[in-house]
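Undergrad: First the structure, which I've put down as C-alpha cells, then a few questions once you've had a look.
The values are calculated or read from the model by the stated rules, or taken from the named source; none is laboratory data. Given the structure is predicted, the values throughout are model-derived calculations rather than measurements. Neighbour counts are summed over all protein chains in view; Cβ atoms, including those assigned to glycine, are modelled from backbone coordinates with ideal geometry.
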Amino acid sequence: MTNNAKHQVHHLSTAFIFIFGALGGLLFGFDTGIISGASPLIESTFHLSIAQTSFVTSSVLIGSSIGALSIGTLSDKYGRRKMLLISALLFIAGSLLSAFATGFVSMAIARIILGLAVGGASGLTPSYLAELATTEHRGSISGMFQLMTTAGILLAYVSNIGFLHHNLLGWADWRWMLGSALIPAILLLFGSLLLPESPRYLVQNGNITEARAVLHVLRAKTNVDPDQELTNIEKIAAQDKNQGGIRELFKVAKPSVFVAVGIMLLQQLVGINSVIYYLPQVFIKGFNFPDNKAIWISVGIGVVNFLTTILATIIMDKFNRKTFLLFGSVVMALSLIIISIMSFTMSIKDAAVPTMLFIALYIFGFAISWGPIAWILIGEIFPLNVRGIGNSIGSAANWIGNFLVTQFFLSLLNLCHDKIGGPFLVFAAFAILSIFFVIFCVPETRGKSLEQIELELRKKTKVK
Ligand code: BGC
C-alpha cells in the first residue's frame, strides 16, 4: 500500500495534483453557468411552464445543498480522495442524463444529481487543496478552486455561444451544451484515481507511513521539511482524539462555524450571481438590448471574472486575507451604490455604458477578494478532526445564500420596474455589512500553518 502510494505520487508533478485536485471547481462553474444559455432552449423543446423552467435551474442548487451537507462527514470518515471519485462519477452520470433527458422529470433528476456532485465537490475541494499545500503557498493553491470555477463559468458561456443553433449530428444544441460537461467530468475521474490522499487525513486515521510518503513527494521541490511537518500534524492529530461529528464540531469550533457560515452567506448576499446568472436578462429588460448582443455581455463578465481571479491567485499570499476582503467589500459597495444612483437618476440610454463599466468594477472587486478567499478560508479555519464537516456546513451556507439570491432577484427587479438600482441597493447594504463582519469576526490565517490556526482556536475555545 505504502509503496503503491509512493509510486502513484511519484509520477505526478505537483502542478498536476493541484490542477486535477481543483477540477471540481471547473465543473461547479460549468454546471451552474451553462443553464443560463440552455434553459430557454430546453423550455421550448419540452414545452415547459415557467415554474418547470425555474425548477430546472434551481434543482441544481437543491442538490448542491444536500451534496455539500453530506460530503463532510463522509470525507472525514472515508477520506477526501474516495469522495472526489464519487463526485466524479456523479458528475458523469448527471451530465449524461441531462444531455439525453427526454422531458421535465428526467431533466430535473439529472440536474439534482449534478447538484449533488457540485455540492460535494465544493464542500470537499477547498479543504483537500489546503491540506496538500505548504503554508507559504496555501492561499494561491486553495485559490485554484476559485480559478477553476471562474474558468468553468467562462467555458459555459463560450459553449453556450458556440453550440447555439448548431444541431450537430442531428442533436439539439442544448444537448451538446449540457453534454460537454462530460469532458472535465471524465478528467476528474481520471485525476481522482491518481491523486494522493490528503496526508492530514492519513495521519488522523493512523496511516503514518503513507502520510510520510505523500508529504515527501509533495514537498520534494520546496524548502519545507516533510518530517517536521509530519511531526506537527501528528501532534495535532493526537489532540484530536475524538472523531469528527456535528457535536464535536460545535464543541471545538463554534467560532469557526460562525465565521464560515457568515462569510459564505455574505459572499452570496453581495449579489454576485444576480450578475453571473442574469445579467443578459437585465440588459434585455432594463436597457432594451437585443438578445444576440446581450449574450456577449456574459462573455465579457466571464472574462473579467476569470482574469481577475488569475491575478488574485498570483498575489494571494502577498497580502493578508482580511486586507483583500476589506478592499473587495469597499469596491463592491461603492460600485453597487453608484450603479443604483445612475439607475434612478439617468435615462436608460445614458446609463447603459457606465452601468456596464461599474458592473465590471464590481466583478473585479468580488473576484479579487470574496470569490477566492471565502473558499480558501473555509478550508483553513476548522480543526483537523472536524474539517470535512465544517467545510460542508460552510459550503451548504453558500448554496443556501445562492438559492435566496437567484430566487428573489428577478422578482425584486420586477418590483422595481426593471430598475437594477432596487436589488443592487440591497446588495450594497450587504457589502457594507461585510466590512464590519471582516473587521470584527474573521481571523487572519495567512502565514500560519493549519496546525497553528487550530492551536489558536483551541486556546480561544479553551478546548484541549
Ligand atoms: C461563488 C459562486 C459564483 C462564482 C463566481 C464563487 O466563489 O461561490 O456562487 O458563481 O464565485 O465567480
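Undergrad: Considering each of Val257, Val270, Val252, Val217 in turn, give the residue that is among the β-branched types (Val, Ile, Thr) and within 16 Å of the ligand (Cβ to nearest atom).
TA: On the way: Val257 fails: within 16 Å of the ligand (Cβ to nearest atom); Val252 fails: within 16 Å of the ligand (Cβ to nearest atom); Val217 fails: within 16 Å of the ligand (Cβ to nearest atom).
Result: Val270 is the single residue among Val257, Val270, Val252, Val217 that is among the β-branched types (Val, Ile, Thr) and within 16 Å of the ligand (Cβ to nearest atom).
Undergrad: To continue, here is another question. Limited to the range 36-61, what total is found for residues that are within 15 Å of the ligand (Cβ to nearest atom), under 15 Å from Ile109 (Cα atoms) and over 13 Å from the mean Cα position of the chain (by Cα)?
TA: So the count comes out to 3.
Here is a yes/no grid of residues against (1) at pLDDT 90 or above; (2) within 16 Å of the ligand (Cβ to nearest atom):
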residue: Gly365; (1), (2): yes, yes
residue: Gly371; (1), (2): yes, yes
residue: Ile376; (1), (2): yes, yes
residue: Leu404; (1), (2): no, yes
residue: Leu413; (1), (2): no, no
residue: Ala428; (1), (2): yes, no
residue: Leu433; (1), (2): yes, no
residue: Lys459; (1), (2): no, no
residue: Lys464; (1), (2): no, no
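Undergrad: Consider Asn288 carefully, then state whether it is within 28 Å of Leu415 (Cβ to Cβ), away from the ligand (no atom under 16 Å from the Cβ) and surrounded by fewer than 23 Cβ atoms within 10 Å (Cβ to Cβ).
TA: Yes; evaluated as a whole, the condition is true for this residue.
Undergrad: I'd like to check something: does the range 410-422 contain any residue that is under 26 Å from Asn320 (Cβ atoms), buried (at least 17 other Cβ atoms within 10 Å of the Cβ) and out of contact with any Gly (no Cβ under 8 Å at 6 or more places or on another chain)? I'd like the intermediate steps shown before the answer.
TA: Just the residues of the range 410-422 that are under 26 Å from Asn320 (Cβ atoms), to begin with: none.
Scanning the range 410-422, I find no residue that is under 26 Å from Asn320 (Cβ atoms), buried (at least 17 other Cβ atoms within 10 Å of the Cβ) and out of contact with any Gly (no Cβ under 8 Å at 6 or more places or on another chain), so the answer is no.
Undergrad: With farther than 20 Å from Leu69 by Cα and either part of a helix (DSSP H, G or I) or under 20 Å from the mean Cα position of the chain (by Cα) (or both) as the only criterion, which of Leu404, Leu425 stands out? Step through it out loud before you land on a result.
TA: On the way: Leu404 fails: farther than 20 Å from Leu69 by Cα.
One residue alone meets the criteria, Leu425.
Undergrad: Moving to a separate point now. Would you check which residues across the range 428-451 are under 30 Å from Ile341 (Cβ atoms) and outside any helix (DSSP H, G or I) and list them?
TA: The first filter runs over the range 428-451 and keeps only residues under 30 Å from Ile341 (Cβ atoms), leaving 428-442.
Val442 - this is the single residue of the range 428-451 that is under 30 Å from Ile341 (Cβ atoms) and outside any helix (DSSP H, G or I).
Undergrad: Going by what's in this entry, would Ile297 be described as part of a helix (DSSP H, G or I) and touching an Asp or Glu at 6+ places or on another chain (Cβ under 6 Å)? So that I can check it myself, show each step before the final result.
TA: Working: part of a helix (DSSP H, G or I): yes; touching an Asp or Glu at 6+ places or on another chain (Cβ under 6 Å): no.
No, not satisfied.
Here's the yes/no breakdown for (1) touching a residue at least 12 places away in the same chain (Cβ under 8 Å); (2) more than 29 Å from Ser58 (Cα to Cα):
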site: Gly371; (1), (2): yes, no
site: Ala396; (1), (2): yes, no
site: Phe403; (1), (2): yes, no
site: Leu413; (1), (2): yes, no
site: Phe424; (1), (2): yes, no
site: Phe430; (1), (2): yes, no
site: Phe436; (1), (2): no, yes
site: Pro443; (1), (2): yes, yes
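Listed here are the residues, each with its yes/no results for (1) away from the ligand (no atom under 16 Å from the Cβ); (2) under 27 Å from Ala38 (Cβ atoms).
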{"residue": "Ile295", "(1), (2)": "yes, yes"}
{"residue": "Gly302", "(1), (2)": "no, yes"}
{"residue": "Ile314", "(1), (2)": "yes, no"}
{"residue": "Asp317", "(1), (2)": "yes, no"}
{"residue": "Thr323", "(1), (2)": "yes, no"}
{"residue": "Phe327", "(1), (2)": "yes, no"}
{"residue": "Ile341", "(1), (2)": "yes, no"}
{"residue": "Tyr362", "(1), (2)": "no, yes"}
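Undergrad: Continuing with the same structure: At least 1 residues that are β-branched (Val, Ile, Thr) in each: list the helices (runs of 4 or more DSSP H) lying fully within the range 172-273 that qualify. Explain how you work it out, then say what you get.
TA: Numbers: elements: 173-179, 182-194, 199-204, 208-218, 226-239, 246-269.
The qualifying helices (runs of 4 or more DSSP H) are 182-194, 199-204, 208-218, 226-239, 246-269.
Undergrad: Something else now. Out of all the residues in the range 132-151, is one or more within 16 Å of the ligand (Cβ to nearest atom), touching a residue at least 60 places away in the same chain (Cβ under 8 Å) and within 17 Å of Ala38 (Cα to Cα)?
TA: Within the range 132-151, not a single residue is within 16 Å of the ligand (Cβ to nearest atom), touching a residue at least 60 places away in the same chain (Cβ under 8 Å) and within 17 Å of Ala38 (Cα to Cα).
Undergrad: Continuing with the same structure: I need the full set of residues from the range 426-436 which are buried (at least 19 other Cβ atoms within 10 Å of the Cβ) and not aliphatic (A, V, I, L, M), in order please.
TA: Across the range 426-436, the qualifying residues are Phe427, Phe430, Ser434.
Undergrad: Please determine, by comparing only the residues of the range 195-233 that are at pLDDT below 90 and of a type in the set (D, E, K, R), which one is surrounded by the most Cβ atoms within 10 Å (Cβ to Cβ).
TA: Applying the filter and picking the extreme gives Arg219.
Undergrad: Looking at this structure, is Leu384 away from the ligand (no atom under 15 Å from the Cβ) and either within 22 Å of Glu234 (Cα to Cα) or in contact (Cβ under 8 Å) with a residue 60 or more places away in the chain (or both)? Let's see the steps before the verdict.
TA: Values: away from the ligand (no atom under 15 Å from the Cβ): yes; either within 22 Å of Glu234 (Cα to Cα) or in contact (Cβ under 8 Å) with a residue 60 or more places away in the chain (or both): yes.
Answer is yes for this residue.
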